[in-house]
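The values are calculated or read from the model by the stated rules, or taken from the named source; none is laboratory data. Keep in mind that this is a model prediction, so the values were computed, not measured. Positions of Cβ are generated from backbone atoms using ideal geometry, with glycine treated the same way; all protein chains shown enter the neighbour counts.
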Amino acid sequence: MKHVSVIGCGNMGGAFVRGLAKAGGYRVTAIDLDPDALEGVADAADETTTDSAAARDADVVVLAVKPSVAAAVLDDLDLRADQTLITLAAGVPREFVAAQTDANVVRIMPNLAAETRDMAAAATQEGITDEVRAILDDLGEFVVVDESKMDTATAVNGSGPAFAFYLIEAMKDAGVDAGLDAEQAETLAAQTFKGAAETVLQDERSVDELIDAVCSPKGTTIEGMDVLWDSDADEAVRAAVKAAERRSRELAEEFENE
Ligand SMILES: NC(=O)C1=CN([C@@H]2O[C@H](COP(=O)(O)OP(=O)(O)OC[C@H]3O[C@@H](n4cnc5c(N)ncnc54)[C@H](O)[C@@H]3O)[C@@H](O)[C@H]2O)C=CC1
Ligand SMILES: O=C(O)[C@@H]1CCC=N1
């Protein structure tokens, strides 16, 4: 059984802890300075502690604190060369982390769907091991990228859930405005996005072919698609991704200048 310690059990670290607990086969230690954060993951973790020294007992350590506190946490950690440290802090270069620890370091950009084991993650080639691959597999889908692509991945799959939540809400609101009950509209909108995503992942047809498959001749969908094709909706999504990507680069520059 692999022993994984998660340092920082807030939104992202907490999702990691809960996802690993659902996957099974892991002993999970949750580490956080904040007792409330530990209380939030107590049901999923095998043990909780405020003492980051506990990370020395793990095979794999997940550093899930805010980028601004990563350096201070690393300063206090004394990991061994036979341990792997997964860093998931946005904008924090792998090399910055590797310079402060003896552990093997891999950088990933995960997302909140670790909690339901539907995470999309990007991982650097450098530092990836079979045990890291197994963890990422257990939590969802992952791709291996050159670290130079990490700012883009941060925007697409790290920030992406927020953009998707926004679009689901817009679909739900449209249903509510037209008279659907709010709870039913949310179920229909969210399940539609989930089903569409699953179709894209599993079906060999391209997205354009899938759109065609929904558009019956002279039917309803083509009327709606004509509105979307004539709009700037795709441009707005591109601009949101670009803005998040730019911020990731800014964060990285702050670390590179240290
Ligand atoms: N929230 C998200 O969807 C995603 C976040 N990330 C990355 O995950 C990291 C954490 O982000 P969030 O979970 O959103 O932040 P958060 O603020 O929800 O959680 C951070 C946790 O770290 C704890 N912490 C702070 N200092 C600590 C220390 N010295 N020792 C132990 N624990 C300490 C805090 O008490 C808090 O519970 C960030 O680096 C972020 O870039 C990456 C992908 C997605
Ligand atoms: O907004 C953030 O900075 C973090 C990184 C990706 C998602 N949340």
Check whether at least one residue in the stretch 136-149 is closer than 16 Å to VAL6 by Cα and under 11 Å from the mean Cα position of the chain (by Cα), and report yes or no.
yes
Let me spell it out: the conditions are (1) within 15 Å of VAL105 (Cα to Cα); (2) within 16 Å of ligand 2 (Cβ to nearest atom), and ASP82 meets all of them except one. Which number is the exception?
(2)
Which pairs turn up if I take residues in the stretch 243-256 that are closer than 13 Å to GLY158 by Cα and basic (Lys, Arg) and look for partners that are within 13 Å of ligand 2 (Cβ to nearest atom) and outside any helix (DSSP H, G or I) with beta carbon separation below 9 Å, at least 6 apart in sequence or on another chain?
ARG247/ALA90; ARG247/GLY91; ARG247/SER159
Restricting the search to the stretch 157-205, which residues are hydroxyl-bearing (Ser, Thr, Tyr) and within 16 Å of ligand 1 (Cβ to nearest atom)?
SER159, TYR166
Flag if THR29 is under 21 Å from the mean Cα position of the chain (by Cα) and among the β-branched types (Val, Ile, Thr):
yes
If you check ALA103, ALA81, ALA122, ALA64, which single one turns out to be farther than 21 Å from LYS2 by Cβ, small (Gly, Ala, Ser) and assigned by TED's automatic domain parsing to the domain that holds ARG18?
ALA122
Looking only at the stretch 148-185, and only at residues there that are part of a helix (DSSP H, G or I) and charged (D, E, K, R), the one that is farthest from ASN111 (Cα to Cα):
ASP177
